[in-house]
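The values are calculated or read from the model by the stated rules, or taken from the named source; none is laboratory data. Being a predicted model, the structure only gives us computed values, none of them experimental. Here the Cβ positions follow ideal geometry from the backbone for every residue, glycine too, while neighbour counts run over all protein chains shown. For accessibility, only protein heavy atoms count, side chains too; no ligands or nucleic acids. Shrake-Rupley method; radii C 1.70, N 1.55, O 1.52, S 1.80 Å.
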Amino acid sequence: DEGESNENAARRELLEETGYTTAALLPLYEFEPHIKIDWMIYAYVGRDCKKISEPKSDPGEKTAPHPVTFDELLELAADKDFDDPRFSRLVVDAKLDPAKMAELRKLFS
């Protein structure tokens, strides 16, 4: 929303889409998907999330929270139908480098 910080927007979207609030948001990555359009995507990891309400999706949206373990998340990211190639790349890099895997695991723990 106009004038809203990226972190506040992420907190608002988390609450709207899932009904959860978070004690801490940690940046995961950011990127500009189109160089000719002024638009950025910011990804965060929410820590210590708590459900405080029901999701309030916009018309036509179909979302449903599905809690998973860290290892289940890694498996989901490896699936060809996973819809976040940047996160999938982070997982591949982490699987190839034990230090990166330790960093990723720490971020999500």
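Details
- Hits in the stretch 1-29 (condition: under 25 Å from GLU103 (Cβ atoms), touching a helix residue (DSSP H, G or I) at 6+ places or on another chain (Cβ under 9 Å) and either in contact (Cβ under 8 Å) with a residue 24 or more places away in the chain or of a type in the set (A, V, I, L, M) (or both)): TYR20, THR22, LEU25, LEU26, LEU28, TYR29
- Search result, residues across the stretch 6-37 that are in a helix (DSSP H, G or I) and either touching a strand residue (DSSP E or B) at 6+ places or on another chain (Cβ under 9 Å) or not charged (D, E, K, R) (or both): ASN6, GLU7, ASN8, ALA9, ALA10, ARG11, LEU14, LEU15, THR18
- Within the stretch 57-66, not a single residue is free of Cβ contacts under 8 Å to residues at least 60 places away in the same chain, among the acidic types (Asp, Glu) and closer than 22 Å to GLU30 by Cα.
One line per residue, one yes/no per condition, for (1) among the β-branched types (Val, Ile, Thr); (2) at pLDDT 90 or above; (3) open to solvent by 90 Å² or more (accessible area, probe 1.4 Å):
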{"position": "ILE35", "(1), (2), (3)": "yes, no, yes"}
{"position": "GLY60", "(1), (2), (3)": "no, no, no"}
{"position": "THR63", "(1), (2), (3)": "yes, no, no"}
{"position": "SER88", "(1), (2), (3)": "no, yes, no"}
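- In the stretch 44-56, of all residues being free of Cβ contacts under 8 Å to residues at least 60 places away in the same chain, in contact with a helix residue (DSSP H, G or I) (Cβ under 7 Å, 6 or more places away or on another chain) and part of a strand (DSSP E or B), the one that is least open to solvent (accessible area, probe 1.4 Å) corresponds to GLY46.
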